[in-house]
Amino acid sequence: MRYKNVLITGGAGFIGSNLSLKLLEKGYSVTVLDNLSPQIHGDYSPLYESIKDKVNFIKGTVLNYDDWKKALDGVDVVVHLAAETGTGQSMYEIKKYTDVNIKGTSIFLDILANEKHSVKKMVVASSRSIYGEGKYECKKCGVVYPNERKDRDMSRGDFAVKCPVCGENAKLLATDEESKIHPSSIYGITKQVQEQMFMLMGKSLNIPAVAFRYQNVYGAGQSLSNPYTGILSIFSTRIKNGNDINIFEDGKESRDFVYVDDVVEATILGIEKDEANYEVFNVGLGKAVDVNTVANTLVKAYKSSSKITISGNYRLGDIKDNYADLTKIKNKLGFEPRVSFEEGMQRFTSWVNAQETVEDNYEKSIEEMKKKGLYK
């Protein structure tokens with residue numbers, strides 16, 4: 001084994017805990033720095049419980065210099081997952097998102113630049129959100145990268161993505177890593193900055209850096225109580241509480257849903273393979289699944305009578321569609337997603353069925369967005 005000691009920031013979270021357990025299985029020594037955020041972990045966290053006696057756990061924050069210093073002691077590889085997540089919430093919690101995601105990253109890189117350390121490689125969790133609306137094709141103008149959709153169009157039920165040149169409706173394409181970066185949320189901007197800081201300072205300090213642009217990650221163990229991220233968990237919690245499902249827009253908006261096991265595999269390839277050094281990679285299933293399909297699949301899996309309504313409501317900052325072109329990660333790292341959407345949903349819903357029903361805080365999150373003028 002080339003590297004032995006790995007630090008995972010946010011390592012008690014959904015992706016981080018799964019990554020921790022897999023690295024331990026492979027013989028790595030794992031340190032976790034995590035603040036056990038109540039929004040993610042609640043009063044009791046099965047994710048934290050799954051790792052707490054197996055890793056060197058440090059309860060702390062990436063905003064604290066001393067916590068970083070303690071966590072970095074003797075570490076070969078840093079996997080930086082700690083971040084505030086959620087496009088909608090980021091649009092009114094701007095300081096919180098920029099502090100944690102950008103300032104937290106800057107403290108780490110400042111230590112690498114100015115102090116003695118043992119870090120030989122660093123991996124950062126980027127996001128598909130940095131692409132904004134992603135890559136499209138216009139019949140008249142060819143490949144285009146549309147701007148965010150306009151309030152005036154969506155308010156009259158026109159949710160289509162427009163060509164930024166001629167204004168005609170554009171057709172979705174798989175988004176590759178060379179696509180234009182133009183995020184449409186504060187969250188997306190912070191992930192773009194994180195990624196750029198890692199890649200720039202990695203080259204400057206001669207420490208190989210890798211960035212993974214994760215698509216919509218889901219799976220057994222994800223938070224069912226956090227109403228700000230992940231429609232699979234949001235919808236599941238509403239259904240389990242006997243509440244109806246309100247689908248935004250026309251229900252045809254789609255995402256690339258990738259199972260957490262595949263994300264962990266890709267991340268470990270990034271740690272272990274030199275071919276990943278100083279590169280950015282999409283990580284997804286490479287398939288777009290619309291929200292209507294998601295809702296109907298969940299209602300059926302839970303044998304629920306919850307009513308599904310396509311409301312035409314929308315959130316400013318949301319993208320219409322996006323799915324990943326995986327050509328680069330397949331060719332360079334040999335990554336191939338193994339869990340289909342159908343199998344992943346079966347695993348996820350079986351796990352949810354075995355959990356106690358948690359409080360549904362979704363309406364509270366919607367009220368917050370309404371007050372800020374971001375929900376229509």
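Between GLY221, SER50, ALA354, the Cα set farthest toward the positive side of the dipole of the chain (charges on each charged residue's Cβ, about the Cα centre) is that of GLY221. About the centre of its Cα atoms, the chain shows a dipole size close to 400 debye [charges on the beta carbon of Lys, Arg (+1) and Asp, Glu (-1) only; nearest 20 debye]. Scanning residues 5 or more positions from PHE57 or on other chains, those with amide H under 5 Å from its amide H are VAL32, with H placed 1.01 Å from N in the peptide plane. For the pair segment 59-114 / segment 146-178, the C-alpha centres are spaced 33 Å from each other. Helix 341-353 and the longest principal axis of the C-alpha atoms of the chain enclose an angle of approximately 80°.
As I understand it, the value is the acute angle between the Cα axis of helix 104-114 and the longest principal axis of the Cα atoms of the chain; what does it come to in degrees, rounded to 10? Result, in degrees: 30.
Using 18 Å as the Cα-Cα cut-off, could you pick out the over-long pairs in LYS70/LYS203; LYS273/LYS330; LYS22/LYS332; LYS180/LYS328?
Details: LYS70/LYS203 25 Å; LYS273/LYS330 13 Å; LYS22/LYS332 22 Å; LYS180/LYS328 16 Å.
As for pairs spanning more than 18 Å Cα to Cα, those are LYS70/LYS203; LYS22/LYS332.
For the chain, take the longest principal axis of its alpha carbons; what is the angle in degrees between that and the long axis of helix 186-205, to the nearest 10 within 0 to 90? Its long axis makes an angle of about 30 degrees. What the pair-distance distribution of the chain shows, using all Cα-Cα distances binned every 20 Å from zero, is 29, 60, 11 percent. Along its three principal directions, the equivalent ellipsoid of segment 113-204 from the Cα gyration tensor extends over semi-axes of 35, 14, 9 Å, largest first.
For ASN216, the amide hydrogen comes within under 5 Å of the amide hydrogens of ASP256, VAL258, counting only partners 5 or more places away or on other chains and with H modelled in the peptide plane. Exposure proxy ranking for ARG347, ARG213, based on other Cβ atoms within 10 angstrom of each Cβ and starting from the fewest, stands as ARG347, ARG213.
The dipole here belongs to segment 165-249: it is taken about the Cα centre, uses +1 on the Cβ of Lys and Arg and -1 on the Cβ of Asp and Glu, and is about 240 debye. Taking other residues whose beta carbon is less than 9 angstrom from the beta carbon of GLN215, and scoring Lys, Arg as +1 and Asp, Glu as -1, yields +2.
Backbone geometry of segment 312-322 corresponds, through the Karplus equation with coefficients 6.51, -1.76 and 1.60 at θ = phi - 60°, to 3J(HN,Hα) couplings of x, 5, 7, 10, 5, x, 6, 8, 7, 9, 5 Hz, x marking Gly and Pro.
Do the alpha carbons of any pairs in LYS95/LYS135; LYS135/LYS303; LYS54/LYS121; LYS162/LYS303 sit beyond 27 Å of each other, and which pairs? The pairs that break the limit, which is 27 Å between Cα atoms, are LYS95/LYS135; LYS135/LYS303; LYS162/LYS303. Quick one: of LYS240/LYS370; LYS69/LYS120; LYS4/LYS69; LYS191/LYS287, which pairs are farther than 20 Å apart, Cα to Cα? Where the Cα-Cα span goes over 20 Å, the pairs concerned are LYS240/LYS370; LYS191/LYS287. The calculated pair-distance distribution of segment 30-95 uses every alpha carbon pair, bins of 5 angstrom beginning at 0, and gives 3, 14, 23, 24, 18, 11, 6, 1 percent. Taking amide H as placed 1.01 Å from N in the peptide plane, GLY317 has no amide H partner under 5 Å among residues 5 or more places away or on another chain.
For ASP244, neighbours were defined as the other residues whose beta-carbon sits under 9 Å from its Cβ, and their charges (Lys and Arg +1, Asp and Glu -1) total +2.
Sort out for me the Cα centre separation of segment 186-253 from segment 264-338, rounded to whole Å. Here the answer is 10 Å between Cα centres.
Each residue of segment 239-352 gets 115 Å³ once the volume of the Cα convex hull is shared out per residue.
The fewest-to-most ranking of ASP274, ASP321, ASP176 by surrounding Cβ atoms within 10 Å reads ASP274, ASP176, ASP321. Note on LYS150: aspartates and glutamates with a C-alpha under 16 Å away, same-chain residues under 8 apart excluded, are GLU133, ASP158, GLU168, GLU249, ASP250, GLU253, ASP318, ASP321.
Note on SER236, SER184: ascending count of other Cβ atoms within 10 Å places them as SER184, SER236, the fewest first.
Read-outs: derived from the displayed coordinates by stated rules, not from any lab. Small disclaimer: the values here were computed from a predicted structure and weren't measured. Glycine also receives a Cβ, built like all others from the backbone with ideal geometry; neighbour counts cover every protein chain displayed.
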